[in-house]
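The values are calculated or read from the model by the stated rules, or taken from the named source; none is laboratory data. What you are looking at is a predicted structure, and each value in this text was computed from that prediction instead of being measured. With ideal geometry, Cβ positions are generated from the backbone for all residues, glycine too; neighbour counts draw on all protein chains shown.
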């Protein structure tokens with residue numbers, strides 16, 4: 001079983017200088033690639049000069065996370081692709097536990113490690129923690145992270161368990177399944193495209209897992225800060241795209257209506273906080289959804305009739321009304 005660790009880069013020279021050495025030191029089992037999304041800085045030249053053992057894939061344009069990876073991975077022959085953010089520090093023996101799961105479990109298509117916070121290494125990191133889930137209305141949350149509440153890693157998630165989605169910050173996937181599902185959806189550009197990919201993988205009957213004995217440290221927000229209205233736009237628009245593509249009929253329209261109402265409530269919250277640019281981003285997201293509705297609807301493929309895709313009915317109700325701020329309290 002051959003493995004490719006592929007780091008998507010766009011103007012990330014400083015991140016590559018900081019984090020690439022750990023990848024090279026602790027990933028002996030893999031070939032290391034930098035997939036460059038048409039950077040305008042000197043990051044490619046820097047890698048060529050300082051890390052000649054790393055292979056460079058030069059994309060012709062910055063197509064975001066989805067197209068960037070699709071273009072880069074199309075040229076690779078390895079059996080396992082590991083999509084790794086450029087702002088991730090890996091640890092000794094981080095890769096072997098992921099590969100062992102693939103070897104032992106043919107129906108497991110995707111595996112992620114525990115993702116911890118680079119800045120607070122005893123805590124889980126927002127983008128993935130110990131594995132992702134969604135509620136009935138498409139809101140994502142994780143073992144170790146619900147909304148802005150990040151749990152301390154006390155070993156409570158040191159097990160290998162099935163999850164609903166794996167984080168794009170560090171996601172290992174079988175090459176055959178990546179292409180069987182149709183790869184990352186380039187209409188998403190960035191944000192939540194990995195959740196959509198994992199949902200489609202479930203629809204094909206495969207399993208996704210989190211490994212409790214593999215850990216990496218993620219900076220988070222290095223490409224697009226969480227307070228950037230552009231990120232708000234992608235998150236709200238892409239959530240609607242994902243629901244339209246994957247929620248089984250006849251529930252899809254009812255779920256979408258409720259989700260849009262909840263988005264409106266989020267907009268009111270932004271008004272109360274004086275974040276008017278984020279309110280405008282939600283309005284833009286809904287406009288884009290309406291404009292592209294037919295095209296996204298045509299992507300509904302192999303959606304099972306009645307799958308139980310959600311962990312809880314409403315994570316908003318559980319978190320804000322019932323005060324369940326840790327994953328273990330949701331059960």
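Total residues in the stretch 201-212 satisfying the condition of being closer than 14 Å to residue 171 by Cβ and assigned to a helix (DSSP H, G or I): the figure is 1.
Does the stretch 218-225 include one or more residues that are surrounded by 21 or more Cβ atoms within 10 Å (Cβ to Cβ) and either at pLDDT 95 or above or in a strand (DSSP E or B) (or both)? Checked the stretch 218-225: at least one residue is surrounded by 21 or more Cβ atoms within 10 Å (Cβ to Cβ) and either at pLDDT 95 or above or in a strand (DSSP E or B) (or both).
Annotation: residue 268 fulfils all but one of (1) modelled with pLDDT of 95 or more; (2) crowded, with 16+ Cβ neighbours inside 10 Å; (3) more than 18 Å from residue 195 (Cβ to Cβ); the unmet one is (2).
Could you please give the count of residues in the stretch 271-292 that are surrounded by 15 or more Cβ atoms within 10 Å (Cβ to Cβ) and in a loop (DSSP other than H, G, I, E, B)? So the answer is 2. Annotation note: Cβ proximity below 6 Å between a residue of the stretch 247-270 that is outside any helix (DSSP H, G or I) and a residue that is surrounded by 15 or more Cβ atoms within 10 Å (Cβ to Cβ) (sequence gap 6+ or interchain) occurs for 247/255; 248/303. Among the residues of the stretch 244-260, is there at least one that is outside the structural domain of residue 199 (by TED's automatic domain parsing) and either within 24 Å of residue 125 (Cβ to Cβ) or touching a strand residue (DSSP E or B) at 6+ places or on another chain (Cβ under 8 Å) (or both)? Scanning the stretch 244-260 turns up no residue that is outside the structural domain of residue 199 (by TED's automatic domain parsing) and either within 24 Å of residue 125 (Cβ to Cβ) or touching a strand residue (DSSP E or B) at 6+ places or on another chain (Cβ under 8 Å) (or both).
Considering (1) surrounded by fewer than 17 Cβ atoms within 10 Å (Cβ to Cβ); (2) under 27 Å from residue 149 (Cα atoms), the lone condition that residue 297 does not fulfil carries the number (2).
Does the stretch 109-125 hold any residues that are under 14 Å from the mean Cα position of the chain (by Cα) and outside any loop (DSSP other than H, G, I, E, B), and which are they? Of everything in the stretch 109-125, those that are under 14 Å from the mean Cα position of the chain (by Cα) and outside any loop (DSSP other than H, G, I, E, B) turn out to be 110, 111, 112, 113, 114, 115. On inspection, residue 172 fails the criterion of being buried (at least 23 other Cβ atoms within 10 Å of the Cβ), without any contact (Cβ under 8 Å) to a residue 60 or more places away in the chain, over 30 Å from residue 274 (Cα atoms) and outside the structural domain of residue 278 (by TED's automatic domain parsing).
Please verify whether the stretch 234-242 includes one or more residues that are in contact (Cβ under 8 Å) with a residue 12 or more places away in the chain, surrounded by fewer than 21 Cβ atoms within 10 Å (Cβ to Cβ), outside any loop (DSSP other than H, G, I, E, B) and not assigned by TED's automatic domain parsing to the domain that holds residue 69. First the steps, then the outcome.
Our first condition is that a residue be in contact (Cβ under 8 Å) with a residue 12 or more places away in the chain; within the stretch 234-242, this holds for 234-242.
Now restrict to residues that are surrounded by fewer than 21 Cβ atoms within 10 Å (Cβ to Cβ): 235.
Imposing the further condition that a residue be outside any loop (DSSP other than H, G, I, E, B) reduces the set to 235.
Okay, now just the ones that are also not assigned by TED's automatic domain parsing to the domain that holds residue 69, so 235.
Yes, some residue in the stretch 234-242 is in contact (Cβ under 8 Å) with a residue 12 or more places away in the chain, surrounded by fewer than 21 Cβ atoms within 10 Å (Cβ to Cβ), outside any loop (DSSP other than H, G, I, E, B) and not assigned by TED's automatic domain parsing to the domain that holds residue 69.
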